[in-house]
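None of the figures in this text is laboratory data; all of them are computed from the coordinates on show. Quick caveat: nothing in here was measured; it's all calculated off a predicted structure.
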Amino acid sequence: MSTQTKNDPEPERYYDWMLWKMRQEDKVIFNGEVLDQLMYVTAEECGELVQSCMKIARFGMDDAKRNTLLEEAGDVHCLIQLLINNNVFTKQELEAQAQVKFEKLKKYTPIITEGKYND
């Protein structure tokens, strides 16, 4: 066990615990069981982000809901970075797909009226 893992306290939240456990065991993510865990945790976090968005859509934005939205978006961002770090896809592939989505939103929704992705 490295010095880093000795000073790495056990977290309370499930996905944090799963990542902590992988660090403790020095596991490589890209194997069947651990890849499955990465998919489960990513799906769970995406679901929590959806839930946060729907509460805002139904009841409006306030500071507490904004903070929850930020927390859930950060959690999803973390899992997306782990997908990149573990070669599920590259950052360049992700950016290219985000650009495709941006163009669709610009064309079909009032969300984006001008500008480019990553302006």
Check: C-alpha center segment 34-70 vs C-alpha center segment 76-107, spacing in Å is 18
Any aspartates and glutamates whose Cα falls less than 20 Å from that of LYS104, other than same-chain ones fewer than 8 residues away, would be GLU93, GLU95, GLU114, ASP119
